[in-house]
There are 2 protein chains.
Amino acid sequence: MKKITVGLIQQANGEDVPGNLKLLAENIEACAGKGAQIVVLQELHNTRYFCQTENTGLFDLAETIPGPSTAFYSELAAVHQIVLVASLFEKRAPGVYHNTAVVFDTDGSMAGKYRKMHIPDDPAYYEKFYFTPGDLGFEPVRTSLGKLGVLVCWDQWYPEAARLMALKGAEMLIYPTAIGWESSDTEDERLRQLDAWIISQRAHAVANGLPVISVNRVGHEPDPSGRTNGIRFWGNSFVAGPQGEFLAQAGNEEPENLVVEIDTERSENVRRWWPFLRDRRVDGYDGITKRFID
Amino acid sequence: MKKITVGLIQQANGEDVPGNLKLLAENIEACAGKGAQIVVLQELHNTRYFCQTENTGLFDLAETIPGPSTAFYSELAAVHQIVLVASLFEKRAPGVYHNTAVVFDTDGSMAGKYRKMHIPDDPAYYEKFYFTPGDLGFEPVRTSLGKLGVLVCWDQWYPEAARLMALKGAEMLIYPTAIGWESSDTEDERLRQLDAWIISQRAHAVANGLPVISVNRVGHEPDPSGRTNGIRFWGNSFVAGPQGEFLAQAGNEEPENLVVEIDTERSENVRRWWPFLRDRRVDGYDGITKRFID
């Protein structure tokens with residue numbers, strides 16, 4: 001395995017769920033048609049980003065895994081013979097719901113899943129209301145195309161998550177995500193937010209000598225409560241190489257598919273040139289598992 | 001404490017050590033004259049970057065702490081009533097040498113020291129030959145102007161080091177450093193290296209909601225062995241705010257002093273807006289203290 005082509009689907013979602021799924025299927029087909037071997041979808045791609053409000057009725061959007069959505073995406077993976085990274089609202093048990101990434105292998109089998117570990121709670125991102133924190137840890141998913149370090153959105157702010165995936169042999173880091181701007185933020189603040197989001201993920205690539213794939217949604221979604229002006233998701237889906245260098249980047253306004261070749265041999269070389277893993281002071285890192293050290 | 005003015009001295013060093021010290025003293029005075037309350041010097045600022053070759057004779061450059069250099073910098077700190085972050089080649093015992101940052105308080109007293117924990121070893125950066133890895137851990141230094149998370153150069157590639165300083169209450173991260181280009185690298189590769197170096201440190205600011213101050217040397221220093229074309233230190237000393245935003249950045253060619261005001265109140269605010277520390281999954285981070293998880 002030297003080169004892998006990845007497809008990223010940055011989509012604008014409407015209220016019509018079957019319409020969103022139809023669009024996803026078309027985009028998956030388009031990416032596969034351009035040679036994508038691994039296709040990554042954005043976070044919670046079936047629906048609007050429903051966490052803008054806290055509404056018990058919205059738990060109806062959740063599904064079991066396996067369930068109808070896994071059947072749908074499994075078939076798409078098999079038909080196109082791709083590894084497919086999907087992001088679902090998982091109903092595990094009454095009162096236990098997760099934000100779960102599911103990875104399908106090229107034969108349509110479920111290669112593994114990851115339940116979002118870090119759960120945000122910010123105005124308009126009320127995820128702690130909906131999602132029980134993940135309990136599967138930071139485990140890469142083994143596929144026929146390599147070990148994928150799949151994490152989800154808020155995880156991207158945590159160097160620990162990226163590091164653990166790398167230490168467990170992940171060959172790339174993958175972030176389905178849903179992040180955008182609030183209308184009251186100044187232009188300067190928006191740029192700081194976007195820049196921070198990009199450099200944090202590129203820095204995971206550098207620290208761990210791994211490519212990073214981040215797929216964000218795009219477009220405006222209104223706040224159903226009417227209390228805010230909604231979220232303008234900022235797109236900017238990108239692929240970075242193992243030195244943190246951009247391999248491709250989408251814009252912030254439009255739906256877009258990126259199909260990008262990754263040279264996985266570079267990770268081996270970059271880790272020889274930049275031997276950061278060699279010199280970790282693991283004897284001095286104990287405090288990392290503490291909340292705060294006071 | 002709301003605003004603190006920091007001074008960064010990006011210097012080109014020659015073979016003449018007293019000449020380097022004289023220049024440092026002048027630059028410290030200049031920064032203090034412009035209102036700097038904390039002045040940060042680059043890594044191993046007294047001399048050329050001597051680690052380009054492995055030469056037992058060069059251990060003669062090391063000094064005890066306290067010793068002549070600490071006396072010199074202590075006086076400068078006291079005279080200008082500044083906190084001063086110096087970087088010295090420490091002789092601790094025969095055969096035990098460290099790369100040590102020393103922090104002087106505004107009265108000239110030694111507030112604390114940090115012995116570089118992560119030691120590189122790359123062609124032209126033969127630091128493992130000279131420096132015993134630090135044994136003081138990642139402990140911020142308490143000064144009259146706040147708790148300073150002082151780290152050194154290679155440490156900047158390790159999110160663990162930045163995180164531990166933040167968890168121990170550091171109010172800013174400070175990196176004296178010495179990094180540059182090798183003449184055989186392509187222009188593309190140089191840009192990737194510089195960019196990786198900058199985004200990694202800015203990402204520490206983002207992940208931890210802290211300002212970051214990084215002071216690098218500048219100018220070309222020849223390889224005494226003649227085997228390489230030496231190192232062109234790339235400067236680019238900078239200050240980033242707690243969202244990773246640039247507050248100031250020096251160029252890559254010339255010696256330069258930066259005097260920059262930091263609003264330390266912003267860390268409190270940024271950590272409220274971006275509550276990353278709140279959501280850390282400390283129950284899931286155990287593996288971080290392992291070399292590799294296989």
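Summary table below
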| item | result |
| --- | --- |
| Protection proxy ranking of A:60-66, B:105-111 - average other beta-carbon atoms within 10 Å, highest first | B:105-111, A:60-66 |
| Rounded if a/c under 1.5, otherwise prolate or oblate - the stretch A:77-179, Cα gyration tensor axes | oblate |
| Length added when fully stretched, A:Glu26-A:Asp185, from 0.36 nm per residue minus Cα-Cα | 53.8 nm |
| Shielding of B:185-197 by partner chains, average beta-carbon count, 10 Å | 3 |
| Gyration tensor (alpha-carbon) shape descriptor, the stretch A:3-278, a/c threshold 1.5 | rounded |
| Among B:Leu173, B:Leu247, B:Leu76: highest mean-square fluctuation, GNM of chain B, C-alpha pairs under 10 Å | B:Leu247 |
| Spin-label model distance (nm) - A:Thr64 vs A:Val17, 7 Å beyond Cα toward Cβ | 1.6 nm |
| Between the stretch B:92-114 and the stretch A:72-149, the Cα center-to-center distance that results, in Å | 49 Å |
| Signed unit charges on C-beta, dipole axis of the stretch B:104-220, positive-most listed residue B:Tyr114, B:Pro140, B:Leu173 | B:Pro140 |
| Table column - 3J(HN,Hα) (Hz), the stretch A:8-16, Karplus curve with 6.51, -1.76, 1.60, x for Gly and Pro | 10, 10, 9, 10, 9, 9, x, 6, 7 |
| Distant-in-sequence amide H partners of A:Trp234 (H built 1.01 Å from N, under 5 Å) | A:Ile179, A:Gly180, A:Trp181 |
| Protection proxy ranking of B:232-244, A:132-144, A:203-215 - average other beta-carbon atoms within 10 Å, highest first | A:203-215, B:232-244, A:132-144 |
| Nearest-20 debye value, chain A charge dipole, Cβ charges on Lys, Arg, Asp, Glu | 1000 debye |
| Label 7 Å beyond Cα on the Cβ vector: B:Glu29 copy-to-copy distances, nm | 7.7 |
| Student exercise, the stretch B:1-113 dipole from Lys, Arg, Asp, Glu Cβ charges, in Debye to nearest 20 | 400 debye |
| Restraint check, B:Lys91/B:Lys290; A:Lys22/A:Lys113; B:Lys91/B:Lys113; A:Lys113/A:Lys290; A:Lys113/A:Lys168, Cα-Cα greater than 21 Å | B:Lys91/B:Lys290; A:Lys22/A:Lys113; A:Lys113/A:Lys290 |
| Antiparallel bridges, percent of DSSP beta bridges restricted to the stretch A:1-160 (to nearest 5) | 70 percent |
| Cα gyration tensor shape for the protein assembly as shown, rounded if a/c is under 1.5, else prolate or oblate | prolate |
| Under 5 Å, built H, 5+ apart or other chain: amide partners of B:Ser87 | B:Leu44, B:His45, B:Val102 |
| Estimated [θ] at 222 nm from DSSP helical runs (n ≥ 4, -39500 (n - 2.57)) normalised by residues in chain A, nearest 500 | -8000 deg cm²/dmol |
| The stretch B:17-105, relative contact order in percent, only Cα pairs under 8 angstrom and at least six apart counted | 31 percent |
| Options B:Ser69, B:Gly33, B:Val96, ranked by Cα towards positive dipole end of the stretch B:33-108, top entry (Cβ charges) | B:Gly33 |
| Lys, Arg +1 and Asp, Glu -1 on Cβ, resulting dipole of the protein assembly as shown about Cα centre, debye, nearest 20 | 1220 debye |
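Taken together, the values in this text are just the output of simple stated rules run on the coordinates, not laboratory data. Remember, it's a predicted structure, so these values are computed and weren't measured experimentally. As a convention, Cβ positions derive from the backbone with ideal geometry for all residues, glycine included, and neighbour counts pool all protein chains shown.
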